[in-house]
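Asker: Take a look at this one; I'll ask things after.
Just so you know, all these numbers are worked out from the coordinates, no wet-lab data involved. Please read these numbers as outputs of a predicted model, since none were measured by experiment. Cβ placement follows ideal geometry from the backbone for every residue including glycine, while neighbour counts extend to all protein chains displayed.
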Amino acid sequence: MIKFLDLKAINNSFEPELSQAIQKVVSSGWYLLGEELQQFEKEYADFSGAKHCIGVANGLDALRLILKGYIEMGFMKEGDEIIVPANTYIASILAITDNRLVPVLVEPDINTYNIDSFFIEEKITERTKAIMVVHLYGQISMHVEIEKLALKYNLKLIEDSAQAQGAEYNGTDGTIKKSGNIGDAAGHSFYPAKNLGALGDAGAVTTNDDKLAEVVRTIANYGSKLKYQNEYAGVNSRLDEIQAAALRIKLRRLDIDNQHRRMVAQYYTEHIKNDQLTLPVVYGCNLPVGQCMSHVWHLYVVRHPNRERLQKNLEQKGIQTLIHYPLPPHKQKAYKQWNHLSFPVTETLHQQVLSLPISPLLNQADMEQVTNALNYFNEI
Ligand SMILES: *Cc1c(COP(=O)(O)O)cnc(C)c1O
């Protein structure tokens, strides 16, 4: 049986260092806002290339706190609009509505599944204050067109980098930037199944903006810099010492793990031969997909017109797959007010996508088994 993601085996592969690092925290008697967090923040800032990293409780909080920070700084206020892809995990949208800001949904590009930059400008109004790009499935979603719009309309560029730790963007200025260092601020998730996964909930904000970094850090700690003095009506959103210690161990191998994911993606793309399947593509990269640095393959997502039958067939052959995601945010009960809206590209994707097993530990036999199963699946 091939699991979609064998977290137990993955975390076991970090032993004994992982357990030792945790034991060290347990024995230390210090569990929040300590040495491990400080070191992780420094190491993750170095990794992403951003000047600041603030550890927070989870990825949703990272995004919420960025927006809350901009509100406190006076860049945006209740009722202002944030451009965001319609095709995303609901957390991107929740971060916006939670701050009483208004998400303005934009269709994705049918090939990359990321926001279609050419449909953004028509959605910009007087109230638009930011564009939130989502590096979906691990692929960088930034585009020169988006950078131009941000400059032209003085918008903040926010990255939802929950799925793309380590992915690289070839900036218009010729430099290579890692996810988290591309826009004005980025939210990262270290949910256990993400490319860099903690042993529970964890997240971070990265930014080069000194003021935003300070404000986010303060809000995340009850709005307080000095104990019992509260500058903002803050929240409690902290990355604890045990998670920070675990993340430090796992961060050391992130580039290697991402490279393994690229190798798996390369194998799938080369060997899957089935006319009914649409395989993923990497935007703007003419190299074999496994050499494209703008994708870290958090997920390898194929499309099939009869996804349910395909999924069942794979399951019978002992291959576990998942659907990311079955229902788009605008069709959720949580957002009844948008249920009538139509985003045909988004809706088609949600009906057809299927995520194949991919992980830092997937081996040759696994890849062959998945590929064979797909190549022999034929539906008339
Ligand atoms: C996982 C994820 C989040 C939220 O992260 P949590 O740590 O689970 O709160 C946000 N956006 C996207 C695209 C995600 O995949």
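Asker: For each of 254, 67, count neighbouring Cβ atoms within 10 Å of the residue's Cβ, then give the residues from fewest to most.
Answerer: Values: 254 18, 67 27.
Neighbour counts put them in this order, fewest first: 254, 67.
Asker: Using a Gaussian network model of the chain whose springs link C-alpha atoms within less than 10 Å, name the residue from 323, 131, 96 with the highest mean-square fluctuation.
Answerer: Among 323, 131, 96, the largest mean-square fluctuation in the Gaussian network model of the chain belongs to 323.
Asker: Within the set of other residues whose C-beta is less than 9 Å from the C-beta of residue 36, count the net charge using Lys and Arg as +1 and Asp and Glu as -1.
Answerer: Numbers: positive: 24, 248; negative: 35, 240, 241.
Cβ neighbours under 9 Å give a net charge of -1.
Asker: Now for a separate question. About the Cα centre of the chain, what is the dipole size in debye to 20, counting +1 per Lys and Arg Cβ and -1 per Asp and Glu Cβ, all else neutral?
Answerer: 520 debye
Asker: Right, here's the next one. Region 149-226 to region 3-71: how many Å between their Cα centroids?
Answerer: Answer, in whole Å: 14.
Asker: Pull out the extension gain between residue 269 and residue 3, defined as 0.36 nm times the separation in residues minus the alpha carbon to alpha carbon distance; nm, one decimal. Please list the in-between numbers first.
Answerer: Values: separation 266, 0.36 × 266 = 95.76 nm, distance 1.97 nm.
Gain on extension, residue 269 to residue 3, equals 93.8 nm.
Asker: Can you compute log10 of I(q)/I(0) for the chain with the Debye formula, treating each Cα as one identical point scatterer, at q = 0.08, 0.10, 0.14 Å⁻¹?
Answerer: The calculated log intensity ratios at q = 0.08, 0.10, 0.14 Å⁻¹ are -0.40, -0.64, -1.23.
Asker: Towards the positive end of the charge dipole of region 100-178, with charges on Cβ (+1 Lys, Arg; -1 Asp, Glu), say which of 141, 170, 104 has the farthest Cα.
Answerer: Final value for the positive-end residue is 104.
Asker: To continue, here is another question. If you take every residue apart from residue 73 with its C-beta less than 14 Å away from the C-beta of residue 73, what net charge results, scoring Lys and Arg +1 and Asp and Glu -1? Spell out each step's value before the answer.
Answerer: Details: positive: 68, 77, 129, 156, 211, 217; negative: 72, 80, 184, 209, 210, 214, 231.
Combined, the nearby Lys, Arg, Asp and Glu give -1.
Asker: Just tell me which lysines come within less than 30 Å, Cα to Cα, of residue 152; anything on the same chain fewer than 8 places away is out.
Answerer: Cα-Cα hits under 30 Å: 51, 68, 77, 123, 129, 177, 178, 211.
Asker: When only C-alpha pairs under 8 Å and at least 6 residues apart count, what is the relative contact order of the chain, in percent? Spell out each step's value before the answer.
Answerer: Values: 780 pairs, mean separation 81.5, N = 380.
Here the relative contact order equals 21 percent.
Asker: Now a separate question. Before rounding to the nearest 500, sum -39500 (n - 2.57) across all DSSP H runs of length at least 4 in the chain and divide by the residue total; then give [θ] at 222 nm in deg cm²/dmol.
Answerer: -11000 deg cm²/dmol
Asker: To continue, here is another question. For residue 3, list the lysines whose Cα falls under 20 Å from its own Cα; do not include residues on the same chain fewer than 8 positions away.
Answerer: 194, 312, 317
Asker: Have a look at 161, 179, 342 and tell me which one the Gaussian network model of the chain (Cα, springs below 10 Å) gives the largest fluctuation.
Answerer: The residue that fluctuates most here is 342.
Asker: Please work through the chain and write down the cysteines that have no neighbouring cysteine Cβ at a distance under 4.7 Å.
Answerer: Isolated Cys, the chain: 53.
Asker: Of 190, 343, 40, which has the largest mean-square fluctuation in a 10 Å C-alpha GNM of the chain?
Answerer: Checking each option, the largest mean-square fluctuation is seen for 343.
Asker: Give the aspartates and glutamates whose C-alpha is closer than 12 Å to that of residue 24, dropping any in the same chain fewer than 8 places away, or say none.
Answerer: Partners found: 35, 36, 241.
Asker: Could you pull out the trypsin sites (Lys or Arg not before Pro) across region 1-42 that fall in loop regions by DSSP (anything but H, G, I, E, B) with no more than 16 other Cβ atoms inside 10 Å?
Answerer: Those satisfying the criteria are 3.
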